[in-house]
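Scroll down for the structure; my scribbles are underneath it.
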Amino acid sequence: MFRKIKEASENGNDMFRNGTAHEAVEIMTMPKLAKILREIAEKVRDGFYKGYVAEAIVQLIQSKGGLMTLADLVEHQSTPVQHISITYNMKNIPSVRVWECPSNGQGIIALMAIRILEQMQKQNKIPSLDKLEHNSADIFMLSRDGI
């Protein structure tokens, strides 16, 4: 896993401590990411689509064979969309409203998977998710099965 993340970006080392994952209780600092987030907070749209952040994005994409240019980022226009949502009802836990971007993204798949898991719970085919440890292998396997 470390090799794949390291190969994906020169910043891959930022995700690890000496080539291994951080412990759950360990404080993890990411100064490079903090600098980028401050830049975006100060300059808003221009902090991402122009300047050193944009240049770094384009450089990385081009180094992997991509064709993105600075002009692509500068000229980008977002389109406001009407978000979609469902209410996820779990046993012993208050309902949760889950919001996603509509098609043509993956949001609809996430909502469909939630509904499948919800039905599997109602039919007692899987344990209630509130009984499983957060981000455990069991949660991931059930999520995969839902999809």
Subject >> Positions within the stretch 12-31 being of a type outside the set (Phe, Trp, Tyr) and surrounded by 13 or more Cβ atoms within 10 Å (Cβ to Cβ), in sequence order >> reply: 12, 13, 14, 15
Original post:
When you go through (1) of a type outside the set (S, T, N, Q); (2) more than 20 Å from residue 72 (Cβ to Cβ); (3) surrounded by 10 or more Cβ atoms within 10 Å (Cβ to Cβ) one by one for residue 48, which number turns out not to apply?
Top reply: (2)
Subject >> Test: residue in the stretch 101-116 that is over 23 Å from residue 8 (Cα atoms) and surrounded by fewer than 11 Cβ atoms within 10 Å (Cβ to Cβ) >> reply: yes
**OP:** Enumerate the helices (runs of 4 or more DSSP H) found wholly within the stretch 38-147, keeping only those where 1 or more residues are outside the structural domain of residue 24 (by TED's automatic domain parsing) and under 20 Å from the mean Cα position of the chain (by Cα).
**Re:** 107-122, 137-146
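Specify which of the listed residues (141, 120) is in contact (Cβ under 8 Å) with a residue 24 or more places away in the chain and hydrophobic (A, V, I, L, M, F, W, C).
120
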Subject >> Residue list for the stretch 1-32, restricted to those being assigned to a helix (DSSP H, G or I), in contact with a helix residue (DSSP H, G or I) (Cβ under 8 Å, 6 or more places away or on another chain) and over 22 Å from residue 69 (Cα atoms) >> reply: 2, 5, 6, 12, 13, 14, 15, 32
Subject >> Scan of the stretch 86-107 for residues that are under 30 Å from residue 46 (Cα atoms) and either small (Gly, Ala, Ser) or in contact (Cβ under 8 Å) with a residue 24 or more places away in the chain (or both), ordered by number >> reply: 103, 105, 107
Original post:
Only one of 93, 27, 86 is modelled with pLDDT of 90 or more and among the β-branched types (Val, Ile, Thr); which?
Top reply: 86
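The values are calculated or read from the model by the stated rules, or taken from the named source; none is laboratory data. Just so it is clear, the structure is predicted and the values come from calculations on it, not from any experiment. For neighbour counting, all protein chains shown are included, and Cβ atoms are generated from backbone atoms with ideal geometry for every residue, glycine included.
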